Amino acid sequence: MNLRKHFKICVFLGTLLMLSNLAFAQTNDISHEQALKILLVAKKKAEATKVLVNIAVVDAGGNLKAFIRMDDSFLGSIDVAIKKAKTARYFDIDTGKLGELTQPGGIIYNIEHSNGGLITFPGGLPIKNKKGKIIGAIGVSGGTIDQDREIATTGAQAIL
């Protein structure tokens, strides 16, 4: 290859790198500080109500960002908490509200079998930043569905 072709390839790759960095810098993603704050506020709410839960926070891409399993909480709730958070982020909706649409005869009946398994009952909520942009989601499992939703709501509101 001649020098001119090498230069063009370098310019092209440099441009791609700059654009990918610019796109990454402009994403609305939860920071680890926000995820930890949400997690700890939710845990404090669970402790105050004497409910042993697992709490998961995922980022804007649905990837696990922070997690805690309270002592003596159900082992089976680990996966449920993570899937509640992922489900809330994948569809940007309260998992309980999504569940209303997934009942027999519902417009998205059986959707919970997609995406490696979704959870369509309360306890998963999108997390928004102060500008109202969704930056992640929280999932709580181990209490009743009402307790899970209340703890998740408290956590999600921690950064507003």
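Worth a mention:
- Cβ-Cβ FRET estimate between residue 113 and residue 79, R0 fixed at 25 Å, reported to 0.05: 0.95
- Full-extension gain in nm, residue 63 to residue 146, via 0.36 nm per residue minus C-alpha separation: 27.4 nm
- Pairwise label distance in nanometres, residue 28 with residue 40, each label 7 Å out on the Cα-Cβ vector: 2.6 nm
- Surface composition of the range 44-123: carbon plus sulfur atoms hold 53% of the accessible area, using a 1.4 angstrom probe and ignoring ligands, DNA and RNA.
- If you take all other residues with their beta carbon under 14 Å from the beta carbon of residue 82, and give Lys and Arg +1 and Asp and Glu -1, the sum is +3.
- Among 64-72, 51-59, the order from most to least packed when residues are scored by Cβ within 10 Å on average: 51-59, 64-72
- Set of lysines near residue 130 by C-alpha distance (under 18 Å), chain-local residues within fewer than 8 positions excluded: 37
- Separation in nanometres of the label points that stand 7 Å from Cα toward Cβ, at residue 133 and residue 52: 4.0 nm
The values are calculated or read from the model by the stated rules, or taken from the named source; none is laboratory data. Predicted model, so just to flag it, every value in this text is computed and none were measured. Neighbour counts run over all protein chains shown; Cβ positions are idealised from the backbone, glycine included. Note: accessible area is taken over every heavy atom of the protein model, side chains too, but ligands, DNA and RNA are not part of it. Shrake-Rupley method; radii C 1.70, N 1.55, O 1.52, S 1.80 Å.
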